[in-house]
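The values are calculated or read from the model by the stated rules, or taken from the named source; none is laboratory data. Just so you know, these numbers come straight off a predicted model, no measurement behind them. Neighbour counts are summed over all protein chains in view; Cβ atoms, including those assigned to glycine, are modelled from backbone coordinates with ideal geometry. The accessibility values were calculated without ligands, DNA or RNA, using every heavy atom of the protein model including side chains. Shrake-Rupley method; radii C 1.70, N 1.55, O 1.52, S 1.80 Å.
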Amino acid sequence: WGNITHADIRYRSPALTGDASFLSGTVTGVRDERRRVHVADVDVVVVNQDDAVQAKGTVSVQLPTE
């Protein structure tokens with residue numbers, strides 16, 4: 001569990017009624033922002049049922065401390 005602290009997502013096509021959207025991500029790095037606060041950077045891609053890219057971008061997620 002974590003909290004999204006920053007998101008930079010570019011939408012390439014709309015999600016239409018009836019579309020299925022699938023989100024996948026790859027962790028590109030983990031860093032310490034300050035004492036006991038760890039942040040993971042993730043590249044994300046959203047595709048529809050036809051495997052067409054709907055959105056793409058990066059998010060930063062603050063990781064839990066325990």
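Residues in the chain average 78 Å² of solvent-accessible surface per residue, probe 1.4 Å, ligands and nucleic acids excluded. The orientation-averaged projection of the convex hull spanning the C-alpha atoms of the chain amounts to 5.0 square nanometres. For 26, 58, 17, the ranking by accessible surface with the largest value first comes to 17, 26, 58, using a 1.4 Å probe. Candidates 15, 1, 42 compared by Cα position along the dipole of segment 1-55: farthest toward the positive end lies 1, with charges placed on Cβ. Sparse packing (at most 11 other Cβ atoms within 10 Å of the Cβ) combined with a DSSP loop state is found for the following trypsin sites (Lys or Arg not before Pro) in segment 21-66: 35, 36. The chymotrypsin sites (Phe, Trp or Tyr not before Pro) of the chain that DSSP puts in a loop, and whose beta carbon has at most 13 other beta carbons within 10 Å, are 1. Mean separation of Cα pairs under 8 Å and 6 or more residues apart, divided by the residue count, gives segment 17-66 a relative contact order of 34 percent. Taking Cα centre as origin and charging only the Cβ of basic (Lys, Arg, +1) and acidic (Asp, Glu, -1) residues, the dipole magnitude of the chain rounds to 280 debye.
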